[in-house]
Amino acid sequence: MSTVRLAGLAKRFDTTAVVSDVSLEIAEGELVALLGPSGSGKTTLLRLIAGFEPVDSGRVLLDGDDVTNRPALERRCGMVFQHYALFPHLSVGENVGYGLANERLPRPALDARVAEVLAMVDLKGFESRAVTALSGGQQQRVALARALAPRPRVLLLDEPLSNLDPSLRERTRGELRDLVRRTGITTVLVTHEQEEAFDLADRIALLHRGRLEQVGAPELLYDEPATPFVAGFVGRTSSLRGRVVARDGDLTRVQAGGGVWPARAALDVTGDVLLLIRPEATRFATDGSIAGTVLRRRFAGATAFFSVRLAGGAEIEVAAAPAAAREGDAVRLEPTGVGAHAWAADGIAGGAS
Amino acid sequence: MKSDAVLRRIVAPLLLLVLAWLVVEPVALVALDAVRSGGEWTLAAVRAFVAEPNEWRAALNSLWLALASVVLAGVLGVSLGLLTRLTDFPGRRIVSALLALPAVLPPLVGVVAFLFLYGESGIFARAVMASTGADTPPWRFEGAGAVVLIHATTMYVYSYLLVRGALATFDPALLEAATALGAGRWRALRTVILPLLRPAIGNGALLTALSSLASFSAPYVFGGGFRVLPTEIVSTRLNGDISIAMVETLALVALSLVALLLASRLGGAATRGAGKGLAPAPRRTRSRRSRVAIGAAMWGVTLWLLLPHVTLLVVSFVRQGAWTTTALPTAWTAGNYLTLITDPVRWRPFGTSLWMASTAAAAAGLLALAVGVTARDPGRPLSRWLEGGLALPWAVPGTVYAIALATMFSVLQPAAGRFVLIGTLWLLPLAYLIRSLPVIGRPVVAAIRGLDPALDEAAASLGAGPWRAFGTVTLPLLAPVLAGAVALAFVMGLGDFMTSIILYTYDTRPVSLEILGAIRQGELGVAAAYGVVLTVLSTGAFLAAERSRRFA
């Protein structure tokens, strides 16, 4: 187990900056998820840690040991690849034992370690099976066992669940979480699925265009997004253009879409703002102050998401019980007081949605 | 009847009949001729073969030559394939392309090029004579060593191209996984790359072994006292011992089948990871000095391998009779090319080779396409038989087919599918067609099977009948593979020597025979000019196929 420290890491491919000035500290035993949309640089960042790509500038430290210029094979990073990269010509046992060769263990000790790690991933007795004959979920667990067998300093997971079908992914996620907790290994997980990051990570590092937008616990990113991008990427939001009309303690009151919304905003935010509203920031109320019409209802089990057109034509999304309204209903809405965030409209290009 | 049923019940048996007629019957007749004489069953020829030490020697020589060629060409081809894909050095891309050039060098042309370079009156021998003042050549470039050297430096291209092809779809994550697990460069090579390249290496070895067993040009020109089965067959036949020649032919087929069986056991099935199918990026060597060293070594090897091509070009510009004692020619001329262009008798073989090769390639393409569509479902027994029919000529050397076809088409027995074609224009193109069936059939059948069946269903759901779906969906998608395979078949026919020397007539005298004739008459420049033009035509065919692949 080790700490990971990234200091000012940067990487360009040709003229494109893929990772820009990323600094991040990961504590011993912590699981950090690198979250971001496609092309945000999260896999490149993981590969920089693993040593598969040379850094252009910055440093990578494992346990305070500067490994920036060390080749991948000397870094002792266990990696689980997106497509697993299991050696198809080797058996399960040979795959898992591959990384133990440098330890020059006697055969019984090597076999014992392989069996121990396979048991950890619930594949006891699978040593002689062909990896190509395993299911996707089993292959994923062999990849995990192979990465863990040499007792790496850090475990790097590159979208390890993306190849599994949804039901298997849910179950495997739980097993992965338990395994990582049990071994206590410092882990960096790359994912573009926020649900996966929320479920597994102690902290999330959200990347956008190669830069870190925000680092923090999942709750922090959801409740206190540092930028409109974070608010838009983590969780669902509707965006409205509005204007600050008052401050009320910690909250700023914003006039938008025919109503006034209490929102979190920096103290210096005044004038025109971009208001990002989560579905739970508004509720249906017969005596609500904001009028609207239900355009669509999207059923999602215990909850439904209602698209409501407000006066002036703007649309917002409201989460409520599935039977709360029907398409075409004229409704009244009331802000709940949480889940709305405002940023000064100046300098925000595009905005989030 | 539905189109699928038509294919299964009518077209498939018909195609099987055609393949049995073209591919199986000639070889079966050879087998029969070996054990029949004057209408009687006899093992006299077999006994004569077994009792003759020279026959055993020729068979063992063939085997030894195949093994030596497989080892040397394999080591060379695999190393060059790995180095050009996995390391980075100045000019890597150019070296990679240049190393593939022997693929377009027709076999006899390659042999002639070696003659000009290493032969007794070749550039090297003359250079040594000029520098030492000796008046006799310092060596005789002949025998087993010479033939193996020619095989290794021309046949490495099989392993080279196959290894490069396999590395192009090699999942780079496998290498990264090995590295992350602490494997250094050599361990990753030994434990991950080479085992996964086993099918490519095995196929390369098989191609080399079969080509070497069938090789006629190099042993014919450079063999000297080193006799191998293909040359033995031709000489026995010329001596009139037809039955013995048939037994020799069967012995050669048996050796080829052994090679095929061994390779299928050693090569194993391709094992592929679930990777993204991206080639691993060439690893940039850290120190500048080692990059330069690798680059210098690779350029050196490449230039050495291409020296015969360069020599051929040089000799094609030498004036007749002007190159006698000096190491390099002193008098230059474009006359050799002008002779080819202006003398209709000399130009004619090009026309002959072109029409025969293109007719054979087109017909083989159509046949392979028909078999591919009919045998699309690999699970059906008929599909396996059809596929086997296409692949059989692979295991039967060209000399054998030539003799088999000469035997089969020398009598008129229409009921047995036998007609008198010997002495006509059609026998040689037919031989080219049969010989090219495996190279054209394998990729085309694989490509048809690789097409998503949903595409046909989509076309049908949009109202397209089977012919329209085939013409507008299947054929355009197959076009790149088909073009490449037909180009390869065309090049094989264009440069063919081993079947041509047995089956040619005055009207079907191909370029390769013209080259041999020019050498025998001492017209080295003309022979080289023929070789250069043939190489250019072959390259042109490949480039045209590549172009159509890009457009597709």
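The values are calculated or read from the model by the stated rules, or taken from the named source; none is laboratory data. Remember, it's a predicted structure, so these values are computed and weren't measured experimentally. Neighbour counts are summed over all protein chains in view; Cβ atoms, including those assigned to glycine, are modelled from backbone coordinates with ideal geometry. We work out accessible area using only protein heavy atoms, side chains counted, and drop any ligands, DNA or RNA first. Shrake-Rupley method; radii C 1.70, N 1.55, O 1.52, S 1.80 Å.
Karplus-based coupling profile of segment B:225-233, in residue order and whole Hz: x, 7, 9, 10, 4, x, 6, 4, 4, with θ = phi - 60° in 6.51 cos²θ - 1.76 cosθ + 1.60 and x standing for Gly or Pro. Its convex hull of Cα atoms gives segment B:314-401 a direction-averaged projected area, equal to a quarter of the hull surface, of 9.8 nm². Here the alpha carbons of chain A define both size measures, Rg and Dmax, at 24.1, 77 Å. Taken about its Cα centre, the protein assembly as shown carries a charge dipole of roughly 840 debye when the Cβ of each Lys and Arg holds +1 and the Cβ of each Asp and Glu holds -1.
Restricting to Cα pairs below 8 Å that are 6+ residues apart, what does the relative contact order work out to for chain B? Please round to a whole percent.
21
The mean sequence distance of close C-alpha pairs (under 8 Å, at least 6 residues apart), as a share of the length of segment B:43-315, puts its relative contact order at 35 percent. For segment B:34-77 versus segment A:51-94, the inter-centroid distance based on Cα atoms is 54 Å. Amide H to amide H under 5 Å from A:Glu315: which residues, 5+ apart in sequence or cross-chain, H placed 1.01 Å off N in plane? So A:Glu315 has HN proximity to A:Leu310. Taken across both chains, chains A and B shield about 2000 Å² of accessible surface from a 1.4 Å probe. Estimated purely from DSSP H runs of n ≥ 4, each contributing -39500 (n - 2.57), the mean residue ellipticity at 222 nm for the protein assembly as shown is -16500 deg cm²/dmol once divided by its residues.
Counting only Cα atoms, the size of segment B:441-552 along its three principal axes is 67, 28, 21 Å, in decreasing order.
Close amide H partners of A:Leu31, meaning residues 5 or more places away or on another chain with modelled amide H under 5 Å apart, are A:Thr187, A:Asp202, A:Arg203.
Sort B:63-70, B:17-24, A:275-282 by the packing proxy (mean of other Cβ within 10 Å over each peptide's residues), most packed first.
Values: B:63-70: 21.1, B:17-24: 17.4, A:275-282: 24.8.
Output ranking for B:63-70, B:17-24, A:275-282: A:275-282, B:63-70, B:17-24.
When the Cα positions of B:Ile422, B:Thr374, B:Phe89 are compared along the charge dipole of the protein assembly as shown, B:Ile422 comes out farthest toward the positive end, with charges on each C-beta of Lys, Arg, Asp and Glu.
Extension gain, A:Arg247-A:Ser38: 0.36 nm per intervening residue step, less the Cα-Cα distance, totals 71.5 nm. For segment A:184-191, 3J(HN,Hα) computed residue by residue from phi via the Karplus equation (6.51, -1.76, 1.60; θ = phi - 60°) reads x, 7, 5, 9, 10, 10, 9, 8 Hz, glycine and proline entered as x. Dipole check for segment B:43-315: with +1 at the C-beta of Lys and Arg, -1 at the C-beta of Asp and Glu, and the Cα centre as origin, the magnitude is about 1580 Debye.
Comparing the protein assembly as shown with the 2.2 N^0.38 Å rule of thumb, its C-alpha radius of gyration ratio is 1.23 (two decimals). Ranking of B:Tyr337, B:Tyr504, B:Tyr160 by solvent-accessible surface, largest first: B:Tyr504, B:Tyr337, B:Tyr160 (1.4 Å probe, protein heavy atoms only, all chains present). With the convex hull of the Cα atoms taken as the outline of segment B:64-140, the averaged projected area works out to 7.3 nm². Quick check: net charge around A:Arg151, other residues with Cβ under 13 Å of its Cβ, Lys/Arg +1 and Asp/Glu -1? Neighbour charge sum, excluding A:Arg151 itself: +2.
For segment B:43-315, the calculated P(r), taken from all Cα-Cα distances in 10 Å bins from zero up to the bin holding the longest distance, is 6, 24, 28, 22, 13, 5, 1 percent. Report note on the peptides A:78-87, B:363-372, A:49-58: ranked by the mean count of other C-beta atoms within 10 Å, highest first, their order is A:78-87, B:363-372, A:49-58.
Once the dipole of segment B:43-315 is set up with Lys and Arg at +1 and Asp and Glu at -1 on Cβ about the Cα centre, which of B:Ala51, B:Val75, B:Ala180 lies farthest towards its positive end? It is B:Ala180. The apolar share of the surface of the protein assembly as shown, taken as the fraction of accessible area on carbon and sulfur atoms (1.4 Å probe, ligands and nucleic acids excluded), comes to 59 percent.
Amide H contacts for A:Ala285 (H built 1.01 Å from N in the peptide plane; partners 5 or more residues away or on another chain; cut-off under 5 Å): A:Arg332, A:Leu333, A:Glu334. Couplings 3J(HN,Hα) for segment B:165-179, derived from phi with the Karplus relation 6.51 cos²θ - 1.76 cosθ + 1.60 (θ = phi - 60°), are x, 5, 5, 5, 10, 7, 6, x, 4, 5, 5, 5, 4, 4, 5 Hz, where x marks Gly and Pro.
Just tell me how shielded B:165-171 is by partners: mean number of partner chain Cβ atoms within 10 Å of each residue's Cβ, no decimals. Mind dumping the intermediate values first?
Working: counts 0, 0, 0, 0, 0, 0, 6.
Per-residue shielding by partner chains comes out at 1.
Computed on chain A, with alpha-carbon pairs under 8 angstrom and 6+ residues apart, the relative contact order is 16 percent.
Per residue, how much accessible area does the protein assembly as shown show when a 1.4 Å probe rolls over the protein heavy atoms, in square angstrom?
On the way: 40000 Å² over 905 residues.
Value returned for the protein assembly as shown: 44 Å² of accessible area per residue.
Max-minus-min Cα coordinates of chain B on each principal axis give 81, 72, 52 Å, with the largest extent listed first.
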